[in-house]
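Q: I'd like to ask you about the structure that follows.
The values are calculated or read from the model by the stated rules, or taken from the named source; none is laboratory data. Fair warning: this is a prediction, and the values are worked out from it, not measured in the lab. Methodologically, a virtual Cβ is constructed for each residue, glycine included, from the backbone with ideal geometry; neighbour enumeration extends over all protein chains shown. Surface accessibility is based on the protein's heavy atoms, side chains included, excluding ligands, DNA and RNA. Shrake-Rupley method; radii C 1.70, N 1.55, O 1.52, S 1.80 Å.
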Amino acid sequence: CDTVRLVFGGDFMQHMPQVEAARTADGSYDYSRSTEYIAPMFRDADIAVINLETTISTTGRYSGYPCFASPVAVVEEFEAMGVDIALLANNHCCDRMARGIDTTIEKLEQHGIAHTGVYTDSIDHARNNIQRFEKQGIRFALVNYTYGTNGIPVPKGKHVNYIDTTIIKRDLRTINRDSVDCIIACMHWGNEYQLTPANSQKNIAQKLCDLGVDVIVGGHPHVIQ
């Protein structure tokens with residue numbers, strides 16, 4: 001069959017030194033220098049996916065660890081480098097509560113970038129929980145889950161996909177295997193800077209495989225496990 005090139009960008013975070021480095025002389029933000037070495041890989045891909053591990057703010061109240069909020073220029077750069085899908089289920093997705101979720105998804109949609117893993121409401125969840133796309137005649141379905149949100153409760157009315165095998169099983173059962181050739185599960189899991197997967201990751205990975213997942217992509221450790 002034909003080859004499809006999928007590119008998955010790791011945990012795109014924004015500590016304040018990174019935000020300050022993107023600030024220009026006129027006070028605006030330009031992330032082209034931050035992505036100049038990886039942008040060509042994204043532009044050349046059939047499908048480019050990135051894990052957006054910060055919220056987006058339009059107020060200028062930007063912040064780094066432990067609660068991330070970044071300029072809209074981040075999303076503008078994603079569009080320029082050809083990002084197709086943003087993964088939002090990670091431990092920082094609720095850092096700016098309901099407003100952060102709403103603004104992040106609003107700006108992604110305005111710049112033509114699909115999202116999954118976190119949703120503004122039940123309608124958004126129904127529409128975007130399973131991201132489906134087809135390239136070179138190969139049909140894909142992509143799902144996204146996180147181990148937690150750093151103890152921050154999910155705002156009322158919002159929805160975050162947690163790593164819950166009962167929920168994952170329910171989601172995957174909604175995918176008709178006759179309608180897709182490849183199921184991808186993007187998991188935000190594990191321990192930061194640990195070079196080998198934890199037993200919990202191995203157990204969940206096996207359950208995902210048993211449920212018919214073909215490709216598992218992990219994030220959060222910030223190293224290759």
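Q: Across the stretch 26-170, how many lysine pairs separated by 8 or more positions, or lying on different chains, have Cα atoms within less than 25 Å?
A: Lysine pairs satisfying the spacing and distance rule in the stretch 26-170 number 4.
Q: Taking the stretch 99-166, which chymotrypsin sites (Phe, Trp or Tyr not before Pro) meet the DSSP loop condition and have no more than 10 other C-beta atoms within 10 Å?
A: In loop regions of the stretch 99-166 (DSSP not H, G, I, E or B), there are no sparsely surrounded chymotrypsin sites (Phe, Trp or Tyr not before Pro).
Q: Probe 1.4 Å, all protein chains in place: accessible area of M97 in Å², nearest 10?
A: 80 Å²
Q: Return the single residue from H125, H115, H92 with maximal mean-square fluctuation; model: Gaussian network over the chain, springs between Cα atoms under 10 Å.
A: In the Gaussian network model the winner is H125.
Q: Measure nothing fancy, just the Cα-based angle from helix 97-110's long axis to the longest principal axis of the chain, in degrees from 0 to 90, nearest 10.
A: 80 degrees
Q: Can you tally the net charge around I224? Count Lys and Arg as +1, Asp and Glu as -1, for every other residue whose Cβ sits under 15 Å from the Cβ of I224.
A: It works out to a net charge of -2.
Q: Rounded to the nearest angstrom and ordered from largest down, what semi-axes does the equivalent ellipsoid of the chain get from its C-alpha gyration tensor (root of 5λ)? Write out the running numbers ahead of the final one.
A: On the way: eigenvalues 147, 82, 60 Å².
Gyration-tensor ellipsoid for the chain: 27, 20, 17 Å.
Q: Report the charge-dipole magnitude of the stretch 101-169 in Debye, nearest 20, computed about the Cα centre from +1 at each Lys and Arg Cβ and -1 at each Asp and Glu Cβ.
A: The dipole of the stretch 101-169 has a size of about 220 debye.
Q: Identify which of I105, I184, I38 has the largest mean-square fluctuation in a Gaussian network model of the chain, with springs joining Cα atoms closer than 10 Å.
A: I38
Q: Could you quote the convex hull projected area for the stretch 149-225, Cα atoms only and averaged over all directions, in nm²?
A: Convex hull of Cα atoms, orientation-averaged projection: 6.2 nm².
Q: Using the alpha carbons of the stretch 3-111, what is the convex hull volume per residue in cubic angstrom, as a whole number? Show your work: numbers first, answer last.
A: On the way: hull volume 10.5 nm³, N = 109.
Looking at the stretch 3-111, the number lands at 96 Å³ per residue.
Q: If you don't mind, another one. At a 10 angstrom cut-off on C-beta neighbours, averaged per residue, how do the peptides 217-225, 43-51, 68-76 rank from highest to lowest?
A: Output ranking for 217-225, 43-51, 68-76: 68-76, 43-51, 217-225.
Q: Tell me, what is a quarter of the convex hull surface for the C-alpha atoms of the stretch 75-158, in nm² with one decimal? Please list the in-between numbers first.
A: Values: hull surface 23.8 nm².
The Cα convex hull of the stretch 75-158, projected and averaged over all directions, gives 5.9 nm².
Q: Per residue of the stretch 119-136, what does 6.51 cos²θ - 1.76 cosθ + 1.60 with θ = phi - 60° give for ³J(HN,Hα)? Whole Hz please, x for Gly and Pro, Karplus curve as stated.
A: Ordered by residue, 3J(HN,Hα) equals 9, 6, 6, 5, 5, 4, 4, 4, 7, 10, 4, 10, 8, 10, 7, 9, 9, 6 Hz.
Q: Could you report the stretch 1-156's accessible area per residue, 1.4 Å probe, as an integer in Å²?
A: Result: 45 Å² per residue.
Q: Still on this model: Quick check: the distance between the Cα centres of the stretch 66-112 and the stretch 191-209, to the nearest angstrom?
A: 26 Å
Q: What does DSSP give for the stretch 118-225 in terms of the percent of beta bridges that are antiparallel, rounded to the nearest 5?
A: On the way: 7 of 20 bridges.
DSSP beta bridges in the stretch 118-225 are roughly 35 percent antiparallel.
Q: Follow-up question, since we're still on this one. Suppose R0 equals 22 Å; then what is the FRET efficiency for A198 and Y65 from their Cβ-Cβ distance, rounded to the nearest 0.05? Kindly include the intermediate steps, with their values, before the conclusion.
A: Values: r = 22 Å, r/R0 = 1.02.
With R0 = 22 Å, the Cβ-Cβ based efficiency is 0.45.
Q: Same structure again: For K135, which sequence-distant residues (separation of 5 or more, or a different chain) have an amide H within less than 5 Å of its own amide H, given hydrogens modelled in the peptide plane?
A: It is F140, by chain and number.
Q: Restricting to bridges with both residues inside the chain, how much of the DSSP beta-bridge set is antiparallel, in percent to the nearest 5?
A: 25 percent
Q: Using only Cα atoms, find the angle between the long axis of helix 199-210 and the longest principal axis of the chain, and express it within 0 to 90 degrees, rounded to the nearest 10.
A: So the helix axis and the longest Cα principal axis differ by about 60 degrees.
Q: Here's something else I'd like to know. Need one number: % antiparallel among DSSP beta bridges in the stretch 1-113, to the nearest 5.
A: Numbers: 2 of 13 bridges.
Rounded to the nearest five, the antiparallel share is 15 percent.
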